[in-house]
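Structure first, then comments.
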Amino acid sequence: MSTTFVNANSATLKVPGAKIYYEVQGDGPVLLMIPGGPADAGAFGDLAPLMAERYKTVRYDPRGNSRSVLGGPPQDQDMDEHGDDAAALIAALGDQPAIVLGSSGGAQIGLNLAARYPKRVRVLVAHEPPCLQLLPDAEVHRRNAQEVLEVFRTSGAGPAMQKFAAMAGLGGGTQKKPPSPSMQESFSRMQGNFAFFLAHGVMPIGLYTPDISALAASKVRVVVGVGAESEGQLAWRSAMALAMRMGLTPVTFPGGHGGYGEEPGPFARKLEEVLTTAI
């Protein structure tokens, strides 16, 4: 594996089957930010500068999204592969374990990373991971996810994303200030990731079940986060189910499912409070 620097703040890391694009800002302990679904590093464009006052914030595009290009044709996303990528990125940044913030599907990646590479992770904040298999009505959600895939195959990305949003109960959470240029660029790139997410991500991300036994056996401090404005939504319910299985008290963060972008200032303050307690 080798790292090639693009400019002062961004770089790429070559890993098996892909080249991972990432951005670094600030100095201090590594805080790795993992976005979910079709999102990329820009999703944390407003949060990262706030956390960079105390941490070396590292945000990246998961393989297949935006600037993290695949070395071959797209295949269904593999959570172990995503976990391997995150571990390789942490290793490339130094020999110390990282603090990890994962959101949505990125929280699923973080849970895989912490379970399989516990020496690479100091604290994991898993914000609303959509681990649907932990829900009592998991079979219903499995069928719904399959229907999203079928709509994509028959009608395209637009109708499929609408069905996905309805299934997940998304739409809550309000933007408290205009998004930064970085966030706006990320929104544009996300649209280009919809097809990959729908065809190869919805099922494997949502149906991934965290290894709770491995997480419990590790020394990683796991914090399960939920949004103040996303109560009752699918990912909120999944996060609550995970917290219950792990015997944890969930932590409520400002905003909804994407609170880090909706209310970056309050979200950063809450995250700093959580990390001060957890570290």
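Miscellaneous remarks
- Subset tally (residues that are part of a helix (DSSP H, G or I) and under 24 Å from P38 (Cβ atoms)) for the range 90-114: 11
- Tallying residues that are over 26 Å from Q233 (Cα atoms), modelled with pLDDT of 95 or more and not charged (D, E, K, R) within the range 94-143 yields 7.
- Test: V226 is at negative phi, at pLDDT 95 or above, surrounded by 22 or more Cβ atoms within 10 Å (Cβ to Cβ) and not small (G, A, S): yes
- Sole residue being within 13 Å of A107 (Cβ to Cβ) and touching a helix residue (DSSP H, G or I) at 6+ places or on another chain (Cβ under 8 Å), chosen from V224, V202: V224
- Given (1) surrounded by fewer than 23 Cβ atoms within 10 Å (Cβ to Cβ); (2) at pLDDT 95 or above; (3) closer than 19 Å to A48 by Cα; (4) touching an Asp or Glu at 6+ places or on another chain (Cβ under 6 Å), index of the condition H200 fails: (3)
- Flag for D76 being in a loop (DSSP other than H, G, I, E, B), at pLDDT below 95 and either under 21 Å from F196 (Cα atoms) or in contact with a helix residue (DSSP H, G or I) (Cβ under 7 Å, 6 or more places away or on another chain) (or both): no
- Applying the condition of being assigned to a helix (DSSP H, G or I) and among the charged types (D, E, K, R) to the range 122-165 and asking which residue is surrounded by the most Cβ atoms within 10 Å (Cβ to Cβ) yields K163.
- Test: residue in the range 225-232 that is touching a residue at least 40 places away in the same chain (Cβ under 8 Å) and farther than 25 Å from G45 by Cα: yes
- The set of residues from the range 20-62 being of a type in the set (D, E, K, R) and either touching a Ser or Thr at 6+ places or on another chain (Cβ under 6 Å) or crowded, with 24+ Cβ neighbours inside 10 Å (or both) comprises E23, D40, D46, R59, D61.
- Filter result (surrounded by fewer than 22 Cβ atoms within 10 Å (Cβ to Cβ) and either within 27 Å of G259 (Cβ to Cβ) or of a type in the set (F, W, Y) (or both)) within the range 91-115: L93, P97
- With respect to the conditions (1) over 27 Å from S66 (Cα atoms); (2) surrounded by fewer than 15 Cβ atoms within 10 Å (Cβ to Cβ); (3) modelled with pLDDT of 95 or more, G265 lacks only one, and its number is (1).
- Apart from one condition, A86 fits all of (1) surrounded by fewer than 20 Cβ atoms within 10 Å (Cβ to Cβ); (2) in a helix (DSSP H, G or I); the exception is (1).
- Qualifying positions in the range 176-222 - in a loop (DSSP other than H, G, I, E, B), within 25 Å of F152 (Cα to Cα) and either over 17 Å from the mean Cα position of the chain (by Cα) or among the hydroxyl-bearing types (S, T, Y) (or both): Y208, T209
The values are calculated or read from the model by the stated rules, or taken from the named source; none is laboratory data. Because the structure is a prediction, the values reported are computed rather than measured. Cβ coordinates were reconstructed from backbone atoms using ideal geometry, including for glycine residues, and neighbour counts include every protein chain displayed.
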